[in-house]
1. Aliphatic (A, V, I, L, M) and touching a Ser or Thr at 6+ places or on another chain (Cβ under 8 Å): which single residue out of Ala62, Ala31, Ala72 fits that description?
2. Evaluate the stretch 52-61: report whether one residue or more is free of Cβ contacts under 8 Å to residues at least 60 places away in the same chain, surrounded by fewer than 18 Cβ atoms within 10 Å (Cβ to Cβ) and in contact with a Lys or Arg (Cβ under 7 Å, 6 or more places away or on another chain).
3. Quick check on my filter: what residues within the stretch 74-103 are over 12 Å from Ile127 (Cβ atoms) and under 11 Å from the mean Cα position of the chain (by Cα)?
Amino acid sequence: MILKHLEDFIRSLGKGGPEFGNDDPRVAAVALAFHIVDADGQEQGVEKKVLYDIVSHEFELAEPDVKALIEAGKAANRDSLDIFNFTSTLKRHLTKEECIKFIGVLWEIAYADGYIYELEDTLIWRIAEMIGVDRKDRLELKKMVGQRKQLPEKPKGLPETK
């Protein structure tokens, strides 16, 4: 189930048409979400499904436009050298509250496969810092999503650490 704050966040990005330009906060948000999906280096269909569900459920676009937005975000992610342009776009277009909600969206995507990997955690931390979300808010969202999902301490199949 998608949290209410996720729904509010996605709606807050606007209801534009099928044209997704470079300065479109929807493209920036999807591109950053793909950074999280790709961060652990593993192809996780469940993370992509959560991303697709959030976009298709909340942007109020026709199905072809949902696919076009996801492809635009995926291409922007693939073609980018860093996350600065995406975070700058979000910071220009979103309120502080909307930025906080976006970090909640990223935690939902990161936790979709049942575990937060160190690189996902670090990337969300960097994104949060770049869009002005403080440590307290970031960690509260992480804890809330993790507790709601009742996740294990480590993913199955990883060796024990000493």
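The values are calculated or read from the model by the stated rules, or taken from the named source; none is laboratory data. Keep in mind it's a predicted model, so treat the numbers as computed, not measured. Cβ coordinates were reconstructed from backbone atoms using ideal geometry, including for glycine residues, and neighbour counts include every protein chain displayed.
1. Numbers: Ala62 fails: touching a Ser or Thr at 6+ places or on another chain (Cβ under 8 Å); Ala72 fails: touching a Ser or Thr at 6+ places or on another chain (Cβ under 8 Å).
The match here is Ala31.
2. Checked against the condition, which is being free of Cβ contacts under 8 Å to residues at least 60 places away in the same chain, surrounded by fewer than 18 Cβ atoms within 10 Å (Cβ to Cβ) and in contact with a Lys or Arg (Cβ under 7 Å, 6 or more places away or on another chain), the stretch 52-61 yields at least one hit.
3. Once the filter is applied, which keeps residues that are over 12 Å from Ile127 (Cβ atoms) and under 11 Å from the mean Cα position of the chain (by Cα), the stretch 74-103 yields only Lys101.
For every residue, the table says whether it meets (1) at pLDDT below 90; (2) under 18 Å from Ile54 (Cα atoms); (3) surrounded by 17 or more Cβ atoms within 10 Å (Cβ to Cβ); (4) not hydroxyl-bearing (Ser, Thr, Tyr).
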site: Ile109; (1), (2), (3), (4): no, yes, yes, yes
site: Met130; (1), (2), (3), (4): no, no, yes, yes
site: Glu140; (1), (2), (3), (4): no, no, no, yes
site: Lys154; (1), (2), (3), (4): yes, no, no, yes
